[in-house]
Amino acid sequence: MAKERVTVCLPPCDPGDVVQAITAAMAPFDYNRDAGVGGPDVETWWDYWQIDGRGCEFLVVPGHEDDPRLVRGAETLSGEPRDVPPSLCDGGPRALLDLETPREQAAAEARRAFEAWQGFAKAYPPVRSASEFWARHIANPENYPRAQALEDFRTQPAIAALLDNPELEDLVGDDPVANLGDDLDALVRHAVDDVLPSNALLTLDGRWLDVANDERRRYFNDYLDALPADAYVVRVLYHG
């Protein structure tokens, strides 16, 4: 059992009815509901939840920070008070949520990392990903031990130079070949798709979808973009 977040989509409603609407949407996945012998007849369930997007709040469309339709949970699951800044919210009508700015920022960061690594690495011989060395170790662990695989990866000229450049390493990671690849467009699309999704999505028609791969992350984004402007989208923290 773990605490995760589901993004709950709701039909247009009065702001005062949002909690009730979330309760109704979440009800089919309540572990404690009466589902007969064997417990809930769904693969995913929760035993308690709270409106709480801490760490993955939505940006508010500038100029609408005080809109009464925005949702901001007052407490954490443990009862601690939350102070959500006006520029952020746990949810609200889709039209009040700035979905594009995080995507643009993620795309810019991906491009910056890719270009920085390409510019840095061109001064050195081609670099191999750590996975190539680990695969060799796994195939022949006695003759090619883990320590040797790690040393061979780290002593590649570009990687050795990267380890002496902590600012660049923070940007591109310690295995930039694996992290960034060689396709800028694919890297940017992945970064854009990855910035908004939570662990799960609860759709307007009651489908609970685990967001566990690239296809589901893309679907998450496309689904939010296609929602009616007045449909609610809310981050919910649950224990499941």
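The values are calculated or read from the model by the stated rules, or taken from the named source; none is laboratory data. Being a predicted model, the structure only gives us computed values, none of them experimental. So basically every Cβ, Gly included, is an ideal-geometry build from the backbone, and we count neighbours across all protein chains shown. Each accessible area value is taken on the protein alone, full model and side chains, heavy atoms only, with ligands, DNA and RNA left out. Shrake-Rupley method; radii C 1.70, N 1.55, O 1.52, S 1.80 Å.
Taking Pro126 as the residue in question, decide whether it is without any contact (Cβ under 8 Å) to a residue 24 or more places away in the chain, of a type outside the set (Asp, Glu), in a loop (DSSP other than H, G, I, E, B) and under 23 Å from Asp182 (Cβ atoms). It is true that Pro126 is without any contact (Cβ under 8 Å) to a residue 24 or more places away in the chain, of a type outside the set (Asp, Glu), in a loop (DSSP other than H, G, I, E, B) and under 23 Å from Asp182 (Cβ atoms). What about Gln105, is it under 25 Å from Val60 (Cβ atoms) and of a type outside the set (A, V, I, L, M, F, W, C)? For Gln105, the condition - under 25 Å from Val60 (Cβ atoms) and of a type outside the set (A, V, I, L, M, F, W, C) - is met.
Every residue, every condition in (1) assigned to a strand (DSSP E or B); (2) closer than 22 Å to Leu97 by Cβ; (3) modelled with pLDDT under 80, yes or no:
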{"site": "Thr44", "(1), (2), (3)": "no, no, yes"}
{"site": "Gln50", "(1), (2), (3)": "yes, yes, no"}
{"site": "Gly53", "(1), (2), (3)": "no, yes, no"}
{"site": "Cys56", "(1), (2), (3)": "no, yes, no"}
{"site": "Pro62", "(1), (2), (3)": "no, yes, no"}
{"site": "Glu65", "(1), (2), (3)": "no, yes, no"}
{"site": "Arg69", "(1), (2), (3)": "no, yes, no"}
{"site": "Gly73", "(1), (2), (3)": "no, yes, no"}
{"site": "Leu77", "(1), (2), (3)": "no, no, yes"}
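Looking at this structure, is Asp83 part of a loop (DSSP other than H, G, I, E, B), in contact (Cβ under 8 Å) with a residue 24 or more places away in the chain and acidic (Asp, Glu)? No.
Only one of the numbered conditions (1) surrounded by fewer than 18 Cβ atoms within 10 Å (Cβ to Cβ); (2) in contact with a Pro (Cβ under 9 Å, 6 or more places away or on another chain); (3) hydrophobic (A, V, I, L, M, F, W, C) is not met by Leu77, and that is (2).
Scanning the range 197-240 for residues that are of a type in the set (D, E, K, R) and either outside any strand (DSSP E or B) or open to solvent by 70 Å² or more (accessible area, probe 1.4 Å) (or both) gives Asp205, Arg207, Asp210, Asp214, Glu215, Arg216, Arg217, Arg218, Asp222, Asp225, Asp230. The residue of the range 1-42 that is modelled with the lowest pLDDT, among those that are open to solvent by 80 Å² or more (accessible area, probe 1.4 Å) and in contact with a strand residue (DSSP E or B) (Cβ under 8 Å, 6 or more places away or on another chain), is Met1. When Trp45 is tested against the conditions (1) open to solvent by less than 50 Å² (accessible area, probe 1.4 Å); (2) in contact with a helix residue (DSSP H, G or I) (Cβ under 7 Å, 6 or more places away or on another chain), the lone failure is (1).
Contact annotation: residue pairs with Cβ atoms under 9 Å, 6 or more positions apart or on different chains, pairing a residue in the range 135-149 that is closer than 16 Å to Ala178 by Cβ and modelled with pLDDT of 95 or more with a partner that is of a type in the set (Lys, Arg) and surrounded by 12 or more Cβ atoms within 10 Å (Cβ to Cβ), are His137/Arg146; Ala149/Arg136.
Restricting the range 80-101 to residues that are open to solvent by 20 Å² or more (accessible area, probe 1.4 Å) and touching a strand residue (DSSP E or B) at 6+ places or on another chain (Cβ under 8 Å), which is nearest to Gln20 (Cα to Cα)? Full working, then the answer.
Within the range 80-101, the subset open to solvent by 20 Å² or more (accessible area, probe 1.4 Å) is 80-88, 94-95, 98, 100-101.
Still in the list and also touching a strand residue (DSSP E or B) at 6+ places or on another chain (Cβ under 8 Å): 81-82, 86-88, 94, 98, 101.
Details: Pro81: 21, Arg82: 21, Pro86: 24, Ser87: 25, Leu88: 22, Arg94: 18, Asp98: 25, Thr101: 30 Å.
Per the criteria, the residue is Arg94.
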